[in-house]
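Peer 1: Quick one: structure below, then a few questions.
The values are calculated or read from the model by the stated rules, or taken from the named source; none is laboratory data. Note that this is a predicted model, so its numbers are computed, not measured. Don't worry about glycine lacking a Cβ; one is built from the backbone with ideal geometry, like all the others, and counts go over all protein chains shown.
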């Protein structure tokens, strides 16, 4: 996703630097450019800068955080040389908890949060598939539509990435969390691609039960989610995906990497425990993916 968003902004003429720890990815982008492939197979190569050393970037107006949740603290600490007095740090990450961690490291005044329904897959170093498109929401945690939110929305819009400023960005984050809790572990646990999830009534029933629990714990926190709206949105998104689209958790499992299950279904289980709401389906997904992770190191 960092490549898709960064590459799209760079193609529109913005000064973008991709910061990536994997040297082979940096080398590929520096040598050949970044190739973005859409779901029709059309490929576009974007020339832009890439580095694994944040000290080489200089002060940035906008730092977009797209790392995995368990990499957030390290990434934000390493980004310190890029932070100036007026720098903005925008998290468009999956899961629940990244905003609080970033806020502690940078100060809440620098933080903006949002979610994006675009989806992407890494095909090879410097080559990504822009597998699906959808809305992106952005806002201040206090619900205001500030000048900086408006400016960033205009910047993205001029590059062809539609952003909707939100006065209730926490609801948007939980709406995306619902999507992730329903689709990511189900796909990863039985190794099917996201576009195949609705092919059986059994999987559809499981996904609905997961969603019922997400809605219940969200409402316990005064976050208004509607089951019917979320289910219709999830089905609509899955039906629009390119064939063989792999969600981030399935990609992690296939690479035998740690997943983000703790801030997705784990967040639902934790909230359920706090509010006395049973979450057996989300707990089962948490246990299944944790067991898969353990198999990677044994």
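Peer 1: What residue, among those in the range 62-105 that are assigned to a loop (DSSP other than H, G, I, E, B) and in contact with a helix residue (DSSP H, G or I) (Cβ under 6 Å, 6 or more places away or on another chain), is modelled with the highest pLDDT? Write out each step before concluding.
Peer 2: First, the residues of the range 62-105 that are assigned to a loop (DSSP other than H, G, I, E, B): 66-68, 79, 92-97.
From what's left, in contact with a helix residue (DSSP H, G or I) (Cβ under 6 Å, 6 or more places away or on another chain): 66-67, 79, 94-97.
On the way: 66: 91, 67: 90, 79: 94, 94: 85, 95: 84, 96: 84, 97: 79.
Of everything passing the filter in the range 62-105, 79 is modelled with the highest pLDDT.
Peer 1: So, one more: Looking at 160, 143, 114, which is the one that is in the same structural domain as residue 70 (by TED's automatic domain parsing) and part of a strand (DSSP E or B)?
Peer 2: 114
Peer 1: Restricting the range 30-45 to residues that are within 22 Å of the chain's Cα centre (by Cα) and surrounded by 16 or more Cβ atoms within 10 Å (Cβ to Cβ), which is farthest from residue 83 (Cα to Cα)?
Peer 2: Here the answer is 39.
Peer 1: Take residue 153 and tell me if it is surrounded by 19 or more Cβ atoms within 10 Å (Cβ to Cβ), under 19 Å from the mean Cα position of the chain (by Cα) and without any contact (Cβ under 8 Å) to a residue 24 or more places away in the chain.
Peer 2: Yes: the conditions hold for residue 153.
Peer 1: Check the range 204-222 and report whether any residue there is in the same structural domain as residue 240 (by TED's automatic domain parsing) and modelled with pLDDT under 95.
Peer 2: Yes, the range 204-222 contains a residue that is in the same structural domain as residue 240 (by TED's automatic domain parsing) and modelled with pLDDT under 95.
Peer 1: Suppose we keep only residues that are more than 16 Å from the chain's Cα centre (by Cα) and in a helix (DSSP H, G or I) within the range 239-254. Which one would you say is nearest to residue 38 (Cα to Cα)?
Peer 2: In this case the residue turns out to be 240.
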